[in-house]
């Protein structure tokens, strides 16, 4: 039997359980071992919530794509607390964050067994706005070079954690160090790694965007602007051959203000700011910017302005190329593929539609409402809505996860949509976080009355 060493470290209000080997725990249910991974399979880590390239594309191959013969089986599941976050995976480590029993909780599990390496938790105050709970919304991010995982809690606690041990390398409370910034539901933008930097859409006075040395937590640079932090996660885009940081900003301000910031990620210098924000006070900018080619970026919000394609000059100045008021994604980031944009548009379960737009012209190719899908679940015939679902591009198809737990493959082309076999993973509302895919295993954050993190076997 392997010797297990458990070390408890008290760090302020923080309690860390550090285990050198994996341990089972009472919230974990293990179902079945996954199928062996094919030797021909292409695999990848999933280090940030939109995947290895921050755009919803996965290079994985040898996946189960025909649900007529076999549905994806559960490998393991973990009962979790409240959150709208996605897990991240690197090598033999999976990390997720949630609020459980009044504590913000970060757990590191083995991706194939669900057994736990370590756990960090600390008290957190959870409030509500518009009847919606301020549960964690910012997914962790893993840096493969430093072997660190970074988390940004709902109440502004930023941490750098050693991936293999759970040891906190550094931490700070952004609200205390930078000043208060208004939020509808607490912080929700995911941090971004760029070289030796950890970049945060902070929205604080004098630091709308801030970069830290990822190993020490020391401030590297700040970008000052009047726009506050949004729920959109920034990306690095290659524009006219140069790396640029794109931050879709805009917080809880009256009158509402926000838009896209184009920043030199090496020094924080602001190139330009493009206003794009709903006129409604109770609105958020939440979808990530989408790079379309070498000099265009698509933005979308789900209230009254919808989408816009932005053209960049060689001097990094931004101007609108076309507008699409009916391409209005509330928080789902669209996917750009082969000259076209695909995504869910709509701000509720009943008005959401899957749409396709030509990136060059802004021409709407089609939209599909999916009013109801007939499914069989646990021997019952049900009607479900895809609602505000998520898309991944993988295996030359699109894998869609509906907000009520429907998983289906879609063949999306500019000339139409073809629905392939579907599977009802569970029947539960508000499953909004995009799934994660790594080494043929799909990880889904089920929401609803009994929230879980579930691992499904998609290996052929």
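Can you say whether residue 146 is closer than 17 Å to residue 49 by Cα, crowded, with 16+ Cβ neighbours inside 10 Å and at pLDDT 95 or above, as far as the supplied structure shows? Steps first, answer last, please.
Numbers: closer than 17 Å to residue 49 by Cα: no; crowded, with 16+ Cβ neighbours inside 10 Å: yes; at pLDDT 95 or above: yes.
Taking the combined requirement at face value, the residue does not satisfy it.
Evaluating residue 170 against the criteria (1) assigned to a loop (DSSP other than H, G, I, E, B); (2) under 24 Å from residue 221 (Cβ atoms) leaves one unmet condition, (1).
If we scan the stretch 181-189, do we find a residue that is modelled with pLDDT under 95, more than 21 Å from the chain's Cα centre (by Cα) and part of a loop (DSSP other than H, G, I, E, B)? The answer is yes, given that some residue of the stretch 181-189 is modelled with pLDDT under 95, more than 21 Å from the chain's Cα centre (by Cα) and part of a loop (DSSP other than H, G, I, E, B).
Residue-by-condition table, conditions (1) buried (at least 22 other Cβ atoms within 10 Å of the Cβ); (2) under 22 Å from residue 435 (Cβ atoms); (3) in contact with a helix residue (DSSP H, G or I) (Cβ under 7 Å, 6 or more places away or on another chain):
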{"position": "339", "(1), (2), (3)": "no, no, no"}
{"position": "352", "(1), (2), (3)": "yes, yes, no"}
{"position": "356", "(1), (2), (3)": "yes, yes, no"}
{"position": "360", "(1), (2), (3)": "no, no, no"}
{"position": "374", "(1), (2), (3)": "no, no, no"}
{"position": "380", "(1), (2), (3)": "no, no, no"}
{"position": "385", "(1), (2), (3)": "no, yes, no"}
{"position": "390", "(1), (2), (3)": "yes, yes, no"}
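For residue 229, the stated conditions hold: it is in contact (Cβ under 8 Å) with a residue 40 or more places away in the chain and within 19 Å of residue 300 (Cβ to Cβ).
Within the stretch 297-317, is even one residue farther than 14 Å from residue 272 by Cβ and in contact (Cβ under 8 Å) with a residue 60 or more places away in the chain? Before you say what the answer is, go through the steps one by one.
Keep residues of the stretch 297-317 that are farther than 14 Å from residue 272 by Cβ, which gives 298, 300-309.
Remaining after also requiring in contact (Cβ under 8 Å) with a residue 60 or more places away in the chain: 298.
Within the stretch 297-317, one or more residues are farther than 14 Å from residue 272 by Cβ and in contact (Cβ under 8 Å) with a residue 60 or more places away in the chain.
Out of everything in the stretch 45-70 that is more than 16 Å from residue 139 (Cβ to Cβ) and assigned to a strand (DSSP E or B), what residue ends up being farthest from the chain's Cα centre (by Cα)? Here the answer is 63.
I'd like to verify a number: residues in the stretch 311-334 that are within 13 Å of residue 292 (Cβ to Cβ) and not in a strand (DSSP E or B), how many? Write out each step before concluding.
Narrowing the stretch 311-334 to residues within 13 Å of residue 292 (Cβ to Cβ): 311-312, 321-322, 324, 327, 333-334.
If we keep only those that are not in a strand (DSSP E or B) as well, we get 327, 333-334.
So the answer is 3.
I need the full set of residues from the stretch 71-80 which are in a loop (DSSP other than H, G, I, E, B) and within 24 Å of the chain's Cα centre (by Cα), in order please. Hits for the stretch 71-80 are 72, 80. Residue check: residue 120 meets all listed conditions (1) surrounded by fewer than 19 Cβ atoms within 10 Å (Cβ to Cβ); (2) in contact with a strand residue (DSSP E or B) (Cβ under 7 Å, 6 or more places away or on another chain) but one, namely (1). Restricting the stretch 321-335 to residues that are without any contact (Cβ under 8 Å) to a residue 40 or more places away in the chain and in contact with a strand residue (DSSP E or B) (Cβ under 7 Å, 6 or more places away or on another chain) leaves a set whose member that is nearest to residue 430 (Cα to Cα) is 328. Looking across the stretch 64-77, the residues that are touching a residue at least 24 places away in the same chain (Cβ under 8 Å), within 24 Å of residue 452 (Cβ to Cβ) and surrounded by fewer than 22 Cβ atoms within 10 Å (Cβ to Cβ) come down to 64, 67, 71, 72, 73, 74, 77. The set of residues from the stretch 431-460 being in a loop (DSSP other than H, G, I, E, B) and either closer than 16 Å to residue 391 by Cβ or in contact (Cβ under 8 Å) with a residue 40 or more places away in the chain (or both) comprises 431, 432, 433, 434, 435, 439, 440, 447, 450, 451, 458, 460. Taking residue 437, is it at pLDDT 95 or above, touching a strand residue (DSSP E or B) at 6+ places or on another chain (Cβ under 8 Å), surrounded by 21 or more Cβ atoms within 10 Å (Cβ to Cβ) and under 27 Å from residue 39 (Cα atoms)? Criteria met by residue 437.
The values are calculated or read from the model by the stated rules, or taken from the named source; none is laboratory data. Note that the structure is a prediction, hence the values are computed from the model and not measured. FYI the Cβ positions are ideal-geometry reconstructions off the backbone, even for glycines, and counts take in every protein chain you see.
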